[in-house]
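Novice: My structure is below; once you've seen it, I'll send some questions.
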Amino acid sequence: MPLKINVQSKVVHYENNEQTLLECLESADVEVHYHCRDGFCGACRVTLVEGEINYPQGEPLAFVGDKEILPCCCTPVTDITLLIGE
Ligand code: FES
């Protein structure tokens, strides 16, 4: 069973474990701002409302607030719900 990503009243399936969360959202036409795609700049940050993610390459360097995650370098571990800000 693919994991489900609830975002902007869509449900996106995460099926390819090689993908980052950002790549998965992009392939579903969910727009996320990004810059470095490598955990440095913080441009891609979104709010994790529910569920768990991890960072396969280790904790990213960019600052993120409580509940914020960096989709460019994380993968979902459970079904997740995201809030993409302005
Ligand atoms: S795009 Fe730079 S931290 Fe994600």
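What follows is calculated from the coordinates using simple rules that are stated; it is not laboratory data. Computed from a prediction, not measured in an experiment: that's the story for all the values here. Positions of Cβ are generated from backbone atoms using ideal geometry, with glycine treated the same way; all protein chains shown enter the neighbour counts.
Novice: Over the chain, calculate the relative contact order: mean separation of alpha carbon pairs under 8 Å at least 6 apart, over the residue count, as a percent.
Specialist: In percent, rounded to a whole number, it is 38.
Novice: Continuing with this model, one more query. So what's the net charge close to L3: Lys and Arg +1, Asp and Glu -1, counting the other residues with Cβ under 15 Å from its Cβ?
Specialist: Result for the neighbourhood of L3: -4.
Novice: A follow-up question, please. Please give the net charge around N16, taking every other residue with its beta carbon less than 15 angstrom from that of N16, where Lys and Arg add +1 and Asp and Glu add -1. Each step should come with its number before you reach the end.
Specialist: Values: positive: K4; negative: E15, E18, E23, E26.
The answer is -3.
Novice: Which ³J(HN,Hα) values in Hz, rounded to whole numbers, follow from the phi angles of the range 55-62 under the Karplus curve 6.51 cos²θ - 1.76 cosθ + 1.60, where θ = phi - 60° and Gly and Pro get x?
Specialist: Along the range 55-62, the couplings run 10, x, 8, x, 4, x, 7, 5 Hz.
Novice: Test of understanding: extend the Cα→C-beta vector of K10 to 7 Å, then name every residue of the range 27-60 with backbone N under 13 Å from that spot.
Specialist: Label zone hits: 27-33.
Novice: How far apart, in nm, are two points set 7 Å out from the Cα along the Cα-to-Cβ line at A43 and at Y55?
Specialist: According to this spin-label approximation, the distance is 1.8 nm.
Novice: Please express the shape of the chain as an equivalent ellipsoid: the semi-axes are the square roots of 5 times the eigenvalues of the C-alpha gyration tensor, given largest first in whole angstrom.
Specialist: Taking √(5λ) for each Cα gyration eigenvalue gives 18, 14, 12 Å.
Novice: Please list the non-local residues whose amide H lies under 5 Å from the amide H of L3, H modeled 1.01 Å from N, same-chain partners needing a gap of 5 or more.
Specialist: Amide H to amide H, under 5 Å and 5 or more residues apart or across chains, L3 pairs with Y14.
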